[in-house]
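The values are calculated or read from the model by the stated rules, or taken from the named source; none is laboratory data. Computed from a predicted model, the values in this text were never measured in an experiment. As a convention, Cβ positions derive from the backbone with ideal geometry for all residues, glycine included, and neighbour counts pool all protein chains shown.
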Amino acid sequence: MRFRVVAITISLLGALTASPAQESARVQSVPGNLELEKARELLEKSDFTAAETVAHQYIASHPQAANGHFLLGLIYFRQVQAQARASGSYLAPGELPTGAIDLQARDAKIRASLAAFTEGAKFGRPSAFDLKIVSLNYVLLGDYADADRWLTLSLQWDPADEEGWYYLGRAKYNENRFEEAIQAFQKCLELHPRHVLAADGQGLSYAGLNRPADAIAWLQNAITWQENAAQKTPEPYVDLGDLFNQQARFDEALPVLQKAVAIAPRNIRAHEVLGKTFLNLNQLPDAQRELEAAISIDPDQAALHYLLGQIYRKQGQMEKAKSEMDRFQSLKAKEPPAKSGMQ
C-alpha cells in the first residue's frame with residue numbers, strides 16, 4: 001500500500017515559475033519582507049526553531065503571502081534532513097535515513113511541510129525549487145510515484161537542475177523503471193560530470209536490468225571518482241559489495257565493504273552487508289561483530305535481529321539465538337508493508 005499522507009492540490013500545477021531574479025523581486029515586494037528574510041537567515045544557520053517561529057509570525061501577519069508558506073514548508077523539510085544526518089546517516093536532501101530516528105515525528109513534520117506548500121499554492125505560484133522540495137518530501141515517505149510526478153514538473157521548469165535529475169533517477173529506480181532511471185542519471189552526469197551518487201544510481205539501475213558487467217563498471221566509477229575526496233560517501237562501496245555477494249564473489253566483496261565501514265562507521269547497511277559477507281565466508285565472530293554494531297546503531301530493525309540470531313545459532317549460542325529471534329518476531333509484527341527499491 002502506498003503511503004500518501006497529504007494530497008498536494010492541483011493548484012500547484014500553475015504557470016511557469018519566475019526566474020531567480022524575478023523571485024527575488026517578488027520577495028522584496030511583499031510587505032514585511034524583513035521578517036521573512038530573518039527567517040531565511042535563521043534557516044541558513046540551522047536555527048530551525050527560531051526560523052519556524054519567525055515564519056509563523058510572518059504568516060500570521062501576511063496569511064496570503066505564498067512565500068511565507070513555501071518558506072515554512074522548506075523549514076520543516078530541512079528539520080527532517082538535519083535530524084536524519086544527526087542519526088548517523090550520510091544524506092543528501094531527501095534520502096531515507098539509515099540510522100535510528102523517530103519515524104512518527106519525522107512523518108508528522110513531512111506532513112506539515114507538504115501542507116505548507118499546499119497552502120502557499122493557494123496564493124501564489126511555486127517555483128521549480130518549491131516543487132523539488134515537495135517531491136523530496138515524497139521521497140522521504142517512500143512515495144516514488146508522487147516524487148516522480150513533481151520532479152518531472154520541476155525539471156520542465158528548470159532542466160539545468162542536476163540534483164533534480166539525480167532524484168528523478170532515484171524515483172524512477174524505485175518504480176522499477178530502470179531505463180528511465182538511467183536516462184535521468186545520465187542527465188545529471190551531463191550537468192555534473194563525475195557525480196558520485198549518479199554513477200552509483202547508474203550501477204544499481206543496470207543491475208536492475210540484469211546487466212551486471214555494466215553495473216560493476218558504474219559502481220567502480222563512483223568509487224574511483226571520489227578516491228581523492230576529503231569526504232567520501234559509502235553507498236557505492238556498499239552497493240558494489242552487495243552485488244559481489246549476490247554473485248557469490250565474497251572474497252572480492254570483503255575489502256570493498258570494509259572500506260565502506262571505515263568511511264561511515266554508523267552506516268547500518270554497511271555493517272549489515274559486511275556481516276553477511278563474513279557469514280558466507282564462515283567467519284562467524286566477525287559476522288557477529290558487524291551485526292551487533294548495526295543493532296547498536298538502531299535496535300529496532302527486525303531483519304538485523306534475525307540475521308544475528310542465525311549467527312548465534314551457528315556458533316552454538318542457543319540462548320542468545322532465541323532472544324534475537326524473539327526480538328525479531330516482536331519487531332516484525334509492528335512493521336508496515338515493506339517498500340522495495342533504492343534505499
Assess whether Asn245 counts as being exposed (fewer than 15 other Cβ atoms within 10 Å of the Cβ) and over 30 Å from Tyr138 (Cβ atoms). no
Only residues in the stretch 281-293 that are on the phi > 0 side of the Ramachandran plot count as the first member; pair them with residues that are at pLDDT 95 or above, Cβ under 9 angstrom, at least 6 apart or cross-chain, and list the lot. Asn282/Lys314
Quick check: is even one residue across the stretch 160-174 in contact with a Leu (Cβ under 9 Å, 6 or more places away or on another chain), among the charged types (D, E, K, R) and part of a loop (DSSP other than H, G, I, E, B)? yes
Could you check the stretch 230-263 and list, in sequence order, the residues that are without any contact (Cβ under 8 Å) to a residue 12 or more places away in the chain and closer than 27 Å to Ala171 by Cβ? Gln231, Gln246
Among Asn210, Asn228, Asn245, which is modelled with pLDDT of 95 or more and assigned to a loop (DSSP other than H, G, I, E, B)? Asn210
If I filter the stretch 166-222 down to residues being among the acidic types (Asp, Glu) and surrounded by fewer than 19 Cβ atoms within 10 Å (Cβ to Cβ), which single residue comes out as farthest from Leu141 (Cα to Cα)? Asp214
Please verify whether Phe123 is surrounded by fewer than 22 Cβ atoms within 10 Å (Cβ to Cβ) and either among the polar types (S, T, N, Q) or closer than 24 Å to Phe70 by Cα (or both), treating the condition exactly as stated. yes
What are the residues in the stretch 58-96 that are in a loop (DSSP other than H, G, I, E, B), surrounded by fewer than 20 Cβ atoms within 10 Å (Cβ to Cβ) and modelled with pLDDT of 90 or more, if any? His62, Pro63, Gln64
Note on the stretch 196-221: residues of a type in the set (Gly, Ala, Ser) and on the phi > 0 side of the Ramachandran plot are none
Within the stretch 290-313, take every residue that is closer than 18 Å to Asn280 by Cα and among the acidic types (Asp, Glu) and give me the one that is surrounded by the most Cβ atoms within 10 Å (Cβ to Cβ). Glu290
Kindly provide the set of residues from the stretch 314-333 that are at pLDDT 95 or above, surrounded by fewer than 16 Cβ atoms within 10 Å (Cβ to Cβ) and in a helix (DSSP H, G or I), ordered by number. Lys314, Met318, Glu319, Lys322, Ser323, Asp326, Gln329, Ser330
So Asp239 passes all but one of these: (1) of a type in the set (Asp, Glu); (2) out of contact with any Phe, Trp or Tyr (no Cβ under 7 Å at 6 or more places or on another chain); (3) farther than 23 Å from His195 by Cβ. Which condition number does it fail? (3)
Scan Leu304, Leu279 and give me the residue that is under 26 Å from Arg85 (Cα atoms), assigned by TED's automatic domain parsing to the domain that holds Asp242 and hydrophobic (A, V, I, L, M, F, W, C). Leu304
